[in-house]
Amino acid sequence: MQPATNLSYSLRELTALLVKDRGIHEGQYELAIEFQIMVGAMNFPEQSLPEGRTIPGGTFPGSMTAISGIGIRPTENINEHTVDAAEVNPVPSKKAKSTKKSPAK
């Protein structure tokens, strides 16, 4: 078994993978990322920094952002991240399918 490694995909590569996964063969697609944003009071403890300074703790207004979903959506806005489904996932030709004939008797 290979050791675990970090795998990273560009926005275009990830979009192409999702187009292929869904069996889409035509149209322009872009990555769609869904965010959840929470706001409220956040409590922080006092922090001592290595250089000897101290940041006081307390309650401060704040926000947190979470990614709640990743998908694709059709688009007419063509840019460097847009994927053409016909290019990355063309319809298989009928000739590409192998047809096994029964051996002659």
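Any idea which residue in region 20-43 is surrounded by the most Cβ atoms within 10 Å (Cβ to Cβ), counting only those that are over 23 Å from Val88 (Cβ atoms) and among the hydrophobic types (A, V, I, L, M, F, W, C)?
Out of the qualifying residues, it is Met42.
Among the residues in region 32-55, are any under 32 Å from the mean Cα position of the chain (by Cα), within 18 Å of Asn79 (Cβ to Cβ) and of a type in the set (A, V, I, L, M)?
Yes: one or more hits.
Condition check: modelled with pLDDT under 95, among the acidic types (Asp, Glu), loosely packed, with under 10 Cβ neighbours inside 10 Å and touching a Gly at 6+ places or on another chain (Cβ under 9 Å). Does Glu46 satisfy that?
Yes; evaluated as a whole, the condition is true for this residue.
Among (1) touching a residue at least 12 places away in the same chain (Cβ under 8 Å); (2) surrounded by 10 or more Cβ atoms within 10 Å (Cβ to Cβ), there is one condition Leu17 misses while meeting the rest; what is its number?
(1)
Considering only residues that are assigned to a loop (DSSP other than H, G, I, E, B) and without any contact (Cβ under 8 Å) to a residue 12 or more places away in the chain, which ones fall in region 29-76?
Within region 29-76, Glu46, Leu49, Pro50, Glu51, Gly52, Arg53, Pro56 meet the criteria.
When you scan region 5-27, do you find a residue that is part of a strand (DSSP E or B) and either in contact with a Gly (Cβ under 6 Å, 6 or more places away or on another chain) or at pLDDT 95 or above (or both), even just one?
No, there is no match, as no residue in region 5-27 is part of a strand (DSSP E or B) and either in contact with a Gly (Cβ under 6 Å, 6 or more places away or on another chain) or at pLDDT 95 or above (or both).
The values are calculated or read from the model by the stated rules, or taken from the named source; none is laboratory data. Note that the coordinates shown come from a computational prediction; the quantities given were computed from them, not determined experimentally. As a convention, Cβ positions derive from the backbone with ideal geometry for all residues, glycine included, and neighbour counts pool all protein chains shown.
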